[in-house]
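No value in this document is a laboratory result; all are computed from the given coordinates. Not measured: the values here are computed from a predicted model. Please note: Cβ atoms are built from the backbone with ideal geometry, for glycine as well, and neighbour counts cover all protein chains shown.
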Amino acid sequence: MAEAPGMPAGAARESRGSRVERWSFYAAFGVLGGAAVTLLAAPTVIVLITSFTSAYTLKFPPPGYSVRWYRALWESSPEIVAAAVLSLKVAAVATAIAVVLAVGAALALARQRAAWARILDSVFMSPLMLPLLALGLALLVLFSRLGVELSLTTLVIGHVALTAPYILRTTTASYVQLDPTLLECARALGARPWFAFRTVTLPLVAPGIAAGAFIAFMASFDNVAISLFLSDARSEVLPIRLWNIIESSLDVRAAAVSGVLIGATAVLALVMERIVGLSRHVR
């Protein structure tokens, strides 16, 4: 490569060295990023491919391809459908309760700088810091010491403890970005606190609440550890049902259910991104 007229030789070598360094940096991180994406995406791709197998057991690669197991889900799997319906109910109820609790906590703590507010925020976020198995076991011990029998209610309480921190974090992130002068103007114009919240605060933080509620709902629906410890014999949610299927018989319907959940999650995530900009509220 010829040096540019008037450019010192040292500057030209430095320019070539900087380009080499830059491209080597991009190449190294490109390889690492590609490896990370492969490791994250490979299990999902394998499950999707396996769900279309024509065989009677889970095997990869499949000997042939068929949609028979998706038909079996619809036509001859009432126990899986019942478990899925129960999971939807538990996730919906837990998310609704968590929204009320987390939004109230976020509004009370978001702009507080006192030590007690930071301590309470850490306490509310602590379920995300614990391993889920430890959290489930701790809740089981708590209910046992209180003399509370396991039921659908205890299952919902456990899922509320799991899901509320997600909503608290996204709501707090939205609320701290809210211009305080809007609330001051509402109060100056004589708006009562509830009216100001309903007409000013809530519409502006609603995207953050919706993003947190979506994440919370998916976390509740897909949870195994909390459900394993806190559900009774009559409350078999979908993750536990799939666990039992895989453990006992390697039924391919488990892969078909996973395929349905992967597709539904992808569609819902795209819809939420389109409506509320999900990625802006979960950074």
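Couple of notes before you dig in:
- Amide hydrogen neighbours beyond the local backbone of Thr53, cut-off 5 Å, H modeled: Ser66
- The fewest-to-most ranking of Thr199, Thr53 by surrounding Cβ atoms within 10 Å reads Thr199, Thr53.
- Between Asp179 and Lys59, the contour length at 0.36 nm per residue exceeds the Cα-Cα span by 37.6 nm.
- Cβ-Cβ FRET estimate between Leu250 and Leu40, R0 fixed at 25 Å, reported to 0.05: 0.55
- Selection from Leu250, Phe221, Thr199 lying farthest towards where the dipole of the chain points positive, charges on Cβ: Thr199
- Protection proxy ranking, highest mean first, for peptides 18-28, 235-245, 66-76, 38-48: 235-245, 66-76, 38-48, 18-28, where packing is the per-residue count of other beta-carbon atoms within 10 Å, averaged.
- Dipole magnitude (debye, nearest 20) for the range 77-281, charges at Cβ of Lys, Arg, Asp, Glu: 700
- For the chain: relative contact order, % (alpha-carbon pairs under 8 angstrom, 6 or more apart): 27
- Residue-averaged [θ]222 nm for the chain, counting only DSSP H segments that reach four residues, each worth -39500 (n - 2.57): -25000 deg cm²/dmol
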